[in-house]
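Okay, so here's the structure we're looking at.
The values are calculated or read from the model by the stated rules, or taken from the named source; none is laboratory data. Note that the structure is a prediction, hence the values are computed from the model and not measured. Quick reminder, even Gly has a Cβ in these numbers, built from the backbone with ideal geometry, and neighbours come from all protein chains shown. All accessible areas refer to the heavy atoms of the entire protein, side chains included, with ligands and DNA or RNA removed. Shrake-Rupley method; radii C 1.70, N 1.55, O 1.52, S 1.80 Å.
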Amino acid sequence: MVKIVEKHVQLDFPLGHHLHCLIAQIPNRLQRRDHLFSLVNPEEQWHMVRSVMDLVADGAGNLKRLHFLMFPETSVPVSHFDDLLDVIAERFRPNTVTMFGMEQIRLEQYRALLTRFQDDNAEALEGVERDIDSGDILGMPVNWCCIAIKESSGRLRVFLEAKTHPFRGEEFLDKDHDLYRGRHFYLFRGEPACFNFMTIICLDYLYRDLYSSNIKQIIDHSNRLFFTMRQSLDALFVIQCNPKPEHRAYRDVVTGFYGEYLEDTPGVRETVTVFGNCSDESEIEGVRCEGCYGVSFVAISARHKMSPVQGREFASDDFGGAPVCRLRFGTGTRLFYFNLPLYHELDPRSSRVPLKVHTVLRWTDDGWIKASGGEEQVF
């Protein structure tokens, strides 16, 4: 069963004030090479990823206040992993968390990276070494992500996670070519601001098999945090490359996560859950669909208050009757910049809306442009 590893990180977030998140809903174009899903054009992909990084580093608009940056699953070329870390280390502001899915690699390469960043990933490396000791598996594909945290001191910490739950394209008749299943999730305990958050990859949000459940592990761990320390899981980030972002299974798990099935869930009752998907320009070899990507969204408990709204770039709903308020974005190539709500239920101020969209940007040949409202402005 997946192990939840707590990590204490120094993040001096503003007390009593909401935080800010940017979802980069950019396209993924993937093809299968030697049982790995690789980017069709890594340099073109890096150009788009780098454009977002430059935008954040320059702090255009009010992006100087950004705390969390999300890229989709499998969206960053392995060849530019160090380039991306360099941008974060040299140009990003302190107290910034960057979450990004990496192009697939083999387990041998993943172990080498865990060894390189062993100071932050000792427990993960121990689990991988234990698996390697049990058989000849170094050639297995790994779908992985990185959480790069630039602490308040400016120190860069690098955490790596492997996906625990493969989709059908990552499984084969030849067992040796099945996706390697990760053994851990990180739960980050931000201090001194006391902000707790996790990042997982797509299907890790769902059930692993009939007998054990990743999401229940997260709920139970958060409940123990609540009952022992009166803390909770403040935010859960799910990075996706998902052709079915509104599948019924996601709605069912969201419903259970917010306490409607079987048990009370005080540890996650006020969690902000952020799903960041790739855009509808995505193409994955072997996956046939049309206009089925996108729809990144933010879910909070229905104890909050959000009036129905329907706009050109986003809308609010209850995800088909789930006990949540949901901010649902569109399917195009966009940057969505919004605030993460504070951890209270109904605000006594009747006009107060917990979620605010600060900016929506769309991609053009000239760069990122505001998608709505007033004159178009190039960033």
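Quick look at the values:
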{"quantity": "Residue-normalised accessible area of segment 122-161, expressed per residue, 1.4 Å probe, Å²", "calculated": "37"}
{"quantity": "Violating pairs (Cα-Cα greater than 28 angstrom) within the set K244/K356; K216/K305; K216/K370; K163/K244; K7/K163; K3/K150", "calculated": "K216/K370"}
{"quantity": "Cysteines not pairable in the chain (beta carbon separation under 4.7 Å absent)", "calculated": "C21, C145, C146, C194, C202, C241, C278, C325"}
{"quantity": "Cut-off under 5 Å, modelled amide H: who pairs with E283 long-range", "calculated": "N28, R29, L30"}
{"quantity": "Cβ-defined net charge surrounding Q10, 15 Å radius [Lys, Arg +1; Asp, Glu -1]", "calculated": "0"}
{"quantity": "Local net charge near L30, Cβ-Cβ under 12 Å (Lys/Arg +1, Asp/Glu -1)", "calculated": "-2"}
{"quantity": "Amide H within-cut-off set for A302, under 5 Å, with H built and near neighbours excluded", "calculated": "V324, C325"}
{"quantity": "Cβ charges +1 (Lys, Arg) and -1 (Asp, Glu), total dipole of the chain, debye", "calculated": "1160"}
{"quantity": "Percent accessible area from carbon and sulfur atoms, segment 145-253, protein chains only, probe 1.4 Å", "calculated": "53"}
{"quantity": "Burial order of peptide ranges 3-11, 16-24, 332-340, 310-318 (average beta-carbon count within 10 Å, highest first)", "calculated": "332-340, 16-24, 3-11, 310-318"}
{"quantity": "Three-way shape call for segment 98-181 based on the alpha-carbon gyration tensor, with the a/c threshold at 1.5", "calculated": "oblate"}
{"quantity": "Whole-number percent relative contact order across segment 204-308, with pairs defined as alpha carbons under 8 Å at least 6 apart", "calculated": "29"}
{"quantity": "Percent carbon-and-sulfur accessible area, segment 63-109, ignoring ligands, DNA and RNA, probe 1.4 Å", "calculated": "44"}
{"quantity": "HN-Hα J in Hz across segment 75-89 - Karplus 6.51, -1.76, 1.60, θ = phi - 60°, x for Gly and Pro", "calculated": "9, 9, x, 4, 5, 10, 4, 5, 4, 5, 4, 5, 4, 4, 5"}
{"quantity": "Alpha-carbon radius of gyration plus Dmax, which is the widest Cα pair, for segment 101-242 in Å", "calculated": "15.8, 49"}
{"quantity": "Local net charge near V298, Cβ-Cβ under 10 Å (Lys/Arg +1, Asp/Glu -1)", "calculated": "+2"}
{"quantity": "Mean separation of Cα contacts under 8 Å, 6 or more apart, over the residue count of the chain: relative contact order %", "calculated": "18"}
{"quantity": "Placed amide H near H20: partners under 5 Å, 5+ positions off or other chain", "calculated": "H67, F68, L340"}
{"quantity": "Accessible area in square angstrom per residue, segment 1-89, 1.4 angstrom probe", "calculated": "37"}
{"quantity": "Accessible area in square angstrom per residue, segment 223-354, 1.4 angstrom probe", "calculated": "46"}
